[in-house]
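Working notes, structure below.
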Amino acid sequence: MLDVNALEFGFARPLVTGLCFSVPKGQIRLLHGASGCGKSTLLALISGTEITDVNWVGDIRLDGVDIGALPAHRRKIGLMYQDALLFPYLTVGENLAFGLAPSIRGKARYAAVQDALAAASLDGFGQRDPASLSGGQAARIALMRALLAAPKALLMDEAFSSLDPDLRRQFGHFVADQIKLRQIPALLVSHDVADRQFATGPVLQFPKKVSFQDHANR
């Protein structure tokens, strides 16, 4: 479970105060709000991504462990963005393999890539150039690459925003299925409240100034 308690953050002055919420394993929570209200900053604080001049206090825990002081690489949190960010100089299969631990080698590495392609309904795409993929295909590969790293949680920053409505719906349900299958908590940042169809529990609303508590899913 991902737990955030009494979190306050901002720059010259507080932007968000009194933030408390939980995301159970196997579920997606939607964090909804307009651009510039602090949603992406929150994801950076949870993931450990460095942000210049941000001030924060509070408690961030993953599976009961306080991760607030840990460097990003020790938090084991996956990230997805609006752009798939596939490496253009690698094949689709090599992009997937990039997410695997170096200790996974040889036949096991190949099998993991093939399983990921099958899960994404992209069998036979391993040798393709990423530039040949459609938007929906690229999004599925980006998701599977993130999941192959075996994260303890997944954070998605407008990960559905570049897709048209039909692809968005298909991809959203695919993501929800994968999160449930792998039993990890996921937090989806979006400016579109319609993305609540892929989430569980109450929507976390993020206005310009926010102070709220939400532990409905404990």
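The values are calculated or read from the model by the stated rules, or taken from the named source; none is laboratory data. All figures in this text were calculated on a predicted structure; none of them were measured in a lab. Neighbour counts run over all protein chains shown; Cβ positions are idealised from the backbone, glycine included.
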Selection count where residues are part of a helix (DSSP H, G or I) and farther than 25 Å from GLN183 by Cα, scope segment 112-131: 2
Residue within segment 46-53 that is surrounded by 13 or more Cβ atoms within 10 Å (Cβ to Cβ), part of a strand (DSSP E or B) and among the hydroxyl-bearing types (Ser, Thr, Tyr) present: no
Flag if LEU7 is under 24 Å from VAL203 (Cα atoms), touching a residue at least 40 places away in the same chain (Cβ under 8 Å), surrounded by 15 or more Cβ atoms within 10 Å (Cβ to Cβ) and of a type in the set (A, V, I, L, M, F, W, C): yes
Residue list for segment 27-40, filter: under 16 Å from LEU7 (Cα atoms) and surrounded by fewer than 19 Cβ atoms within 10 Å (Cβ to Cβ): SER40
In segment 48-63, the residues that are free of Cβ contacts under 8 Å to residues at least 12 places away in the same chain and of a type in the set (A, V, I, L, M, F, W, C): ILE51
Every residue from segment 153-198 that is among the β-branched types (Val, Ile, Thr) and closer than 17 Å to ALA34 by Cβ: VAL189, VAL193
Residue within segment 132-153 that is buried (at least 16 other Cβ atoms within 10 Å of the Cβ) and assigned to a strand (DSSP E or B) present: yes
THR91, sole failed condition from (1) closer than 29 Å to GLY48 by Cβ; (2) hydroxyl-bearing (Ser, Thr, Tyr); (3) surrounded by 15 or more Cβ atoms within 10 Å (Cβ to Cβ): (1)
Test: residue in segment 180-188 that is modelled with pLDDT of 95 or more, polar (S, T, N, Q) and surrounded by fewer than 16 Cβ atoms within 10 Å (Cβ to Cβ): yes
Residue in segment 10-22 that is exposed (fewer than 15 other Cβ atoms within 10 Å of the Cβ) and under 19 Å from the mean Cα position of the chain (by Cα) present: no
Some residue of segment 90-111 being in contact with a Pro (Cβ under 8 Å, 6 or more places away or on another chain), assigned to a helix (DSSP H, G or I) and modelled with pLDDT of 95 or more: yes
Single residue of segment 189-207 satisfying the filter (farther than 20 Å from ALA6 by Cβ and assigned to a loop (DSSP other than H, G, I, E, B)) that is modelled with the highest pLDDT: ALA199
